[in-house]
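Right, one structure below, let's go through it.
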Amino acid sequence: MASQLQFLPASRGTLLRLREQLGLVERGKNVLEMRRDQLVKEVFLLMDELRYRAHAEHEYLKAIRALDRIRSLRGEHDFISKTNLVKPPKLQTLLESVQGVPVPKVKVVEEPDFSRIIDPEYRKALETLWEALHEMIEIANKEMAVERLCRQLQYINRVVNSLDKNLIPQLREAINRIEEKVSEEEIEEFVRIKMIGEQ
C-alpha cells in the first residue's frame, strides 16, 4: 500500500480521494473499537459467571463419591442393573450467536428419566449427579463462549493495530506530501500568471 501511495499523481482529485479514504478507514477503526468494547464487556460478564466453576466441580465430585459409596455397598451387579434403568438425556450441539460471534453450545433437549428407579437412595444419588452434570455443561458452554469471544477480540486487535500503525499513517503521509506538491504547483502557477500579467 505504501509503495502504491508514493506514485499517486499530485492533484486535487487525488487529494480528495485520499481524504475520503482516510475518513472511511478512521470510521471503520472507530466501529471496530466499539465492537471490541462490546466484546470485552461480554467476556467480563461471562468470566463473572465462571466464578461458580469451583462450586460446580465440588458438587460433581460429591455426587460421584455418593454413587461410588452406593456401588461399593450394594455391589457391581446391583449398581449396573439399577443404573441401566435410567433413560439417558438427549443433548444437542448447536451454534448460538453471542454478540454476533458464532459459539457452539450444548443444549439439553431431553432430561434423563429416573422414573423406573424405585430405590430412593439410587434415585437421589443419580438425580444429584445429573444436576451437577447439568451445571458443568452450562459452565462448559460459558467457557467456550469466552474462548470464541477472545479469539474474535485478538482478530479485531490485530486489525485495529494494523490500521493505527500502518494504513492510517501511510494515508496521512501521502495526503501531506500531495498537499505540499499541490500547494507548490499552485504557487508556481500564480507566479507564472503574475509574471505574464506584468509583461
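Taken together, the values in this text are just the output of simple stated rules run on the coordinates, not laboratory data. As the structure is a prediction and not an experimental result, all values here were calculated from the model. Note: ideal-geometry Cβ built from the backbone for every residue, glycine included; neighbour counts use all protein chains shown.
Looking across the stretch 113-137, the residues that are surrounded by fewer than 17 Cβ atoms within 10 Å (Cβ to Cβ) and charged (D, E, K, R) come down to Asp113, Arg116, Asp119, Glu121, Lys124, Glu127, Glu131.
Looking at the structure I just gave you, is Glu96 in a helix (DSSP H, G or I), within 35 Å of the chain's Cα centre (by Cα) and either hydroxyl-bearing (Ser, Thr, Tyr) or within 30 Å of Leu32 (Cα to Cα) (or both)? Lay out the reasoning, then the answer.
On the way: in a helix (DSSP H, G or I): no; within 35 Å of the chain's Cα centre (by Cα): yes; either hydroxyl-bearing (Ser, Thr, Tyr) or within 30 Å of Leu32 (Cα to Cα) (or both): yes.
No: the conditions fail for Glu96.
Scanning the stretch 106-146 for residues that are under 15 Å from Thr93 (Cβ atoms) and of a type in the set (Asp, Glu), we see that the one that is nearest to the chain's Cα centre (by Cα) is Glu143.
Can you pull out the residues in the stretch 141-199 that are charged (D, E, K, R) and either exposed (fewer than 11 other Cβ atoms within 10 Å of the Cβ) or within 30 Å of Leu50 (Cβ to Cβ) (or both)? Break it down into steps so the answer makes sense when it comes.
As a first pass, look at the stretch 141-199 and keep what is charged (D, E, K, R): 142-143, 147-148, 151, 158, 164-165, 172-173, 177, 179-181, 184-186, 188-189, 192, 194, 198.
Matches in the stretch 141-199: Lys142, Glu143, Glu147, Arg148, Arg151, Arg158, Lys165, Glu188, Glu189, Arg192, Lys194, Glu198.
Here Leu39 passes the criteria (1) in a helix (DSSP H, G or I); (2) closer than 29 Å to Leu167 by Cα; (3) out of contact with any strand residue (DSSP E or B) (no Cβ under 8 Å at 6 or more places or on another chain) except the one numbered (3).
Of the numbered conditions (1) loosely packed, with under 12 Cβ neighbours inside 10 Å; (2) under 30 Å from Ala132 (Cβ atoms); (3) basic (Lys, Arg), Arg27 satisfies every one except a single condition; which is it? The number of the failed condition is (2).
Scanning the stretch 109-134 for residues that are out of contact with any Pro (no Cβ under 6 Å at 6 or more places or on another chain), under 21 Å from His55 (Cα atoms) and either assigned to a strand (DSSP E or B) or not polar (S, T, N, Q) (or both) yields Lys124, Ala125, Leu126, Glu127, Leu129, Glu131, Ala132, Leu133, His134. Taken over the stretch 164-199, the criterion of being touching a helix residue (DSSP H, G or I) at 6+ places or on another chain (Cβ under 9 Å) and over 19 Å from Thr14 (Cα atoms) is satisfied by Asp164, Asn166. The residue of the stretch 67-99 that is nearest to Lys41 (Cα to Cα), among those that are touching a residue at least 12 places away in the same chain (Cβ under 8 Å) and exposed (fewer than 12 other Cβ atoms within 10 Å of the Cβ), is Leu94.
Tell me which residues, restricted to the stretch 100-121, are of a type outside the set (Asp, Glu) and closer than 30 Å to Val43 by Cα. So that I can check it myself, show each step before the final result.
Residues of the stretch 100-121 that are of a type outside the set (Asp, Glu), as a first pass: 100-109, 112, 114-118, 120.
Listed by number, the residues that qualify are Gly100, Val101, Pro102, Val103, Pro104, Lys105, Val106, Lys107, Val108, Val109.
Counting residues in the stretch 86-93 that are of a type outside the set (S, T, N, Q) and farther than 30 Å from Arg148 by Cα gives one or more.
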